[in-house]
Every structure is written in C-alpha cells, then in structure tokens.
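Undergrad: Could you have a look at this structure, given as structure tokens, before my questions?
The values are calculated or read from the model by the stated rules, or taken from the named source; none is laboratory data. All values reported here derive from a predicted model rather than from experimental measurement. Heads up, the Cβs are rebuilt from the backbone with ideal geometry, glycines too, and the neighbour counts pull from every protein chain shown.
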Amino acid sequence: MKNIFLPMQRSILLLILIISFEAFSQEKDYHIVNVKIVGTDTIPYLIIAGVEIFDFKIFKTKREAKRNTRLIRNIKKVYPYAKLAGRKFQEFDTILRGVESEREKRKIMKVVEKEINDEYGGELKKLTISQGKILIKLIDRETGNTSFNLVKELRGGFMAFFYQSFARIFGYNLKIEYDPIGEDRNIETIIRMIDNGVL
C-alpha cells in the first residue's frame, strides 16, 4: 500500500513546488513612496495629480437638455477654428512685429487673409448664426482680443468699423467679449470638458 501512494505524493509535491516557484518567480512592481510618521504610525505620503470637478447642471426639462446638447455640438464644431485662430494670431503677430512699414504689413495681411479664406472660407460660410456667435466669443478666448480689435489691429480702424457694421446686420457683434465666469460659464465648462477628454 505504501508503494502505491509514494509516486502520487511525489507528483503532488512536485506540483506544489512548481506552483510555488511560479508564484515567486513573477516580477513584482515595487514603488518607493514617501512616508509621514504620525505618533507611532508610519503612513504612506503620496502626491497625486489634481482632479478637475465640473459643475455641469442637471436639466429639469427635455427642452433645456436639448438646448445644451445643441450647444455642445456647436462648440465642438467651432472650437477647432478658434484654436486655429489663436495659433495663427500668435504666428502672424510675431511676423508682423519684425516688419516696420505699414505698406509691407498690409501686403502680408492680404496674403494671410487669402490663404485662410482659400483653406477655411468654404467651411466657415456653412456655420449657422449660433455657431458664428460662439466662434466670435471663442476667438476672444483664444487670442485675448475681440474680433473687432483683431480686425482693427490687422486691417485698420475703417475695416474694423465696416466689418462690425456688416456683422450687426446678421446679428453678430464683433466687440463682444468672452466671459467665462458669467454669461459664458456653460461654454467654458464644455470647453474644459472637451480639453480633458470628458466630452
């Protein structure tokens, strides 16, 4: 009887050794962390990345929810153009600072305007009035200047006045400023959610 169980015991012992060896041979991740001693306790002390909490309100009616969904869709449509405007403004502002003559500046701006119009004009013409109004605000957010001031700075006071007058016919105001704390709080929240990959 003793001889029958001996090979079986060896097999079980071998299986236990293999499992134990597998468990101990796996690589372990060790992290050295700072500690803080409080009384007689040693407590791990970790600094974690900040978390942004969005105060996105819950809508009481379907109409409010639908309006918010439309706002999100419109912002997603125009936000890339506003970011592009911010990048282009910085780029051309640097170029124009190196140019002394007004004539040369106007020449450069005409080339830039044609380039932007050729590349994005068709897409921008398809924007709705709501999307256009949001874009004007977001351009102020990205450049730190209202659209009116940008036109005035880049094309002169007369052109700024002309564009403003023309824009008012269609319900736009190029002088409007972006207000992330007040009127444009929902827009700011949506943009930050987009930037953080939440939306």
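Undergrad: Which one is modelled with the lowest pLDDT among residues in segment 51-94 that are surrounded by 13 or more Cβ atoms within 10 Å (Cβ to Cβ) and among the hydroxyl-bearing types (Ser, Thr, Tyr)?
TA: Within segment 51-94, the match that is modelled with the lowest pLDDT is TYR81.
Undergrad: Restricting to segment 143-156, name every residue that is small (Gly, Ala, Ser) and modelled with pLDDT of 75 or more.
TA: GLY144, SER147
Undergrad: In addition: Out of all the residues in segment 168-197, which are modelled with pLDDT under 80, surrounded by fewer than 19 Cβ atoms within 10 Å (Cβ to Cβ) and not charged (D, E, K, R)?
TA: ILE169, PHE170, GLY171, TYR172, ASN173
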